[in-house]
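Working notes, structure below.
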Number of protein chains: 2
Amino acid sequence: MTPKSVKSTRKNTEPKAKLSRERVLQKALEIADQEGIQALTMRRLAQELEVEAMSLYYHFANKDRLLDGMIDRVFAEIELPPAGEWRSRIRTRAYSTRAALVRHRWALGLMESRTSPGPATLRHHDAVLECFRKNGFSVAAAAHAYSLLDSYVYGFVLQQINLPFNTFEEAGPAAESIMAEVAAGEYPYLVEMASEHIFKPGYDYAEEFGIGLEIVLDGLERLRKAN
Amino acid sequence: MTPKSVKSTRKNTEPKAKLSRERVLQKALEIADQEGIQALTMRRLAQELEVEAMSLYYHFANKDRLLDGMIDRVFAEIELPPAGEWRSRIRTRAYSTRAALVRHRWALGLMESRTSPGPATLRHHDAVLECFRKNGFSVAAAAHAYSLLDSYVYGFVLQQINLPFNTFEEAGPAAESIMAEVAAGEYPYLVEMASEHIFKPGYDYAEEFGIGLEIVLDGLERLRKAN
DNA sequence: CAAGGTAGCCTTACGATGTAAGATTGTCAA
DNA sequence: TTGACAATCTTACATCGTAAGGCTACCTTG
């Protein structure tokens, strides 16, 4: 099947690596990661792969299927430690999920509207459920736990991505334009929060993640015991 | 061609309502709510307003500014009860937020990439912070609380929207195609969850919301006491 | 070997989209 | 009357996803 032998005889110019689902997905991820999802057009993607746009349609029915595939790749990056205490395994998974979604900032926005999960996604969900079920969670409790956990993780990333800045250091320029609207005295509590908490050296919103996560994990523990 | 050569100051037989930021936003919400955000094009919007597409650009610099305005309208719909115990006020707000985001399913997807909050958004955040600060939350605790609370709410809605179905009743048709992929025995815990919990009469994922929310509120209470 | 099938990529074309540039009109103050 | 400004329209263009079909090299089958 693999035409390894390039016996094209004469004038076989150069490489022209063959197209494949994987190669297309790989390049699509690169473009979206580096330049944003709006930079990912079929023509642009094809160009980077040294092909014409319509060639992509041999491997993907349409752009939506391509996006589905990209989402599945992101889920494949999320790791669930194979062994250990359930709480630390779930914690690791939560951090891993956040890392993947921040690494691929376009992924969350794509999840809305995309309702057909790929194999990596299904496999992942199954593994998490297994972790719950084998550690004292009833079926119902596992459902509650999963819902709470993922809601928190997804929601946190959504907010983190929307933030105009993450750390105090990079806030500098943005801070002024924001404060300009805000400082008129209309939003006293936002001003308080900004000046006394957020606009302080060393502040990093990402660190909030761990605080909320431990609270969520405590909640999961109670779900586990309750049933 | 437009026979609107109205004599002068007198209003004619309802000739043509004037365009305005508010009227444009209103119609944009209607279209997006009823037919999805992809149906909202400048031409379509203009048509519904009985106007040409380019006329919209007098009121909005570009489509992104229009979308910003729409998001702000959604935030304006979220209510925070003006009085009462903090826990019940925050609970009400959480339900109200979820309702608004489900009513306008396109809103969450738009929030990614939109980083300039409108006045209603700022006002809303300010009111919530006030509620925390006046009820024993330190500045830091209020920051943690807000992060956790909104992460949960946004994340839950994100999942709810992505679900192919919400209740058992509407699951019927979709269930089969899903189970077809899944039933091969590769995902035993997903199958268990589906058959023993989700695919049961009366199941409604939306009800999970309250369960997780109370756990989150318990967490907030502990944040409040801790500092 | 020839004949035909098929996998994989390309060419051309079309309708839809956001919006730049500038023309046109209605209204009102001077 | 004039002129200015606010609000809307006309025209045009680059870019997008993708439908329809063509081309070519390889493989199978006789």
Practice prompt. Please list, ordered by first then second residue, the pairs with beta carbon atoms under 7 Å, 6 or more apart or interchain, first in the stretch B:38-51 and in contact (Cβ under 8 Å) with a residue 12 or more places away in the chain, second open to solvent by 30 Å² or more (accessible area, probe 1.4 Å) and more than 10 Å from DNA strand D (Cβ to nearest atom).
Written response: B:Met42/B:Lys63; B:Leu45/B:Lys27; B:Glu48/B:Lys27; B:Leu49/B:Lys27
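Just give me the residues in the stretch A:196-213 being more than 7 Å from chain B (Cβ to nearest Cβ), part of a helix (DSSP H, G or I) and either surrounded by 14 or more Cβ atoms within 10 Å (Cβ to Cβ) or in contact (Cβ under 8 Å) with a residue 12 or more places away in the chain (or both), in sequence order. So that I can check it myself, show each step before the final result.
Start the filter on the stretch A:196-213 by keeping residues that are more than 7 Å from chain B (Cβ to nearest Cβ), which leaves A:198-207, A:209-210, A:213.
Within this subset, residues satisfying the condition of being part of a helix (DSSP H, G or I) are A:198, A:205-207, A:209-210, A:213.
Passing the criteria: A:Ile198, A:Tyr205, A:Ala206, A:Phe209, A:Leu213.
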Item to complete: Kindly indicate whether A:Ala120 is assigned to a helix (DSSP H, G or I), surrounded by fewer than 20 Cβ atoms within 10 Å (Cβ to Cβ), more than 9 Å from chain B (Cβ to nearest Cβ) and modelled with pLDDT of 95 or more.
Response: no
Worksheet item: Which one is nearest to DNA strand C (Cβ to nearest atom), of the residues in the stretch B:47-62 that are assigned to a helix (DSSP H, G or I) and either assigned by TED's automatic domain parsing to the domain that holds B:Thr115 or of a type in the set (Phe, Trp, Tyr) (or both)?
Response: B:Tyr57
Fill in: Criterion: in contact with a Pro (Cβ under 8 Å, 6 or more places away or on another chain) and of a type outside the set (Val, Ile, Thr) - qualifying residue of A:Asp72, A:Asp64
A:Asp72
Discussion item. Tell me yes or no: at least one residue of the stretch A:54-69 is within 14 Å of chain B (Cβ to nearest Cβ), more than 8 Å from DNA strand D (Cβ to nearest atom) and within 18 Å of the chain's Cα centre (by Cα).
Written reply: yes
Worksheet item: Going by the structure shown, is B:Leu80 surrounded by 15 or more Cβ atoms within 10 Å (Cβ to Cβ) and within 8 Å of DNA strand C (Cβ to nearest atom)?
Response: no
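Here is a yes/no grid of residues against (1) of a type in the set (D, E, K, R); (2) under 17 Å from B:Leu213 (Cα atoms):
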{"position": "B:Pro82", "(1), (2)": "no, no"}
{"position": "B:Trp86", "(1), (2)": "no, yes"}
{"position": "B:Arg91", "(1), (2)": "yes, yes"}
{"position": "B:Ser96", "(1), (2)": "no, yes"}
{"position": "B:Arg114", "(1), (2)": "yes, no"}
{"position": "B:Pro119", "(1), (2)": "no, no"}
Worksheet entry | Residue that is most open to solvent (accessible area, probe 1.4 Å), among those in the stretch B:135-166 that are more than 7 Å from chain A (Cβ to nearest Cβ) and under 20 Å from the mean Cα position of the chain (by Cα) | B:Leu163
Discussion item. On the basis of being assigned to a helix (DSSP H, G or I), open to solvent by less than 30 Å² (accessible area, probe 1.4 Å) and either at pLDDT 95 or above or more than 9 Å from chain A (Cβ to nearest Cβ) (or both), does B:Ala99 make the cut?
Written reply: no
Fill in: Criterion violated by B:Leu80 - all others in (1) at pLDDT below 95; (2) touching a Pro at 6+ places or on another chain (Cβ under 8 Å) satisfied
(2)
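The values are calculated or read from the model by the stated rules, or taken from the named source; none is laboratory data. A quick note: this is a predicted structure, and the numbers were derived from the prediction, not measured. Because the Cβ atoms are built from the backbone with ideal geometry, glycine has one as well, and the counts that use them run over all protein chains shown. Only protein heavy atoms, including side chains, enter the accessible area calculation; ligands, DNA and RNA are left aside. Shrake-Rupley method; radii C 1.70, N 1.55, O 1.52, S 1.80 Å.
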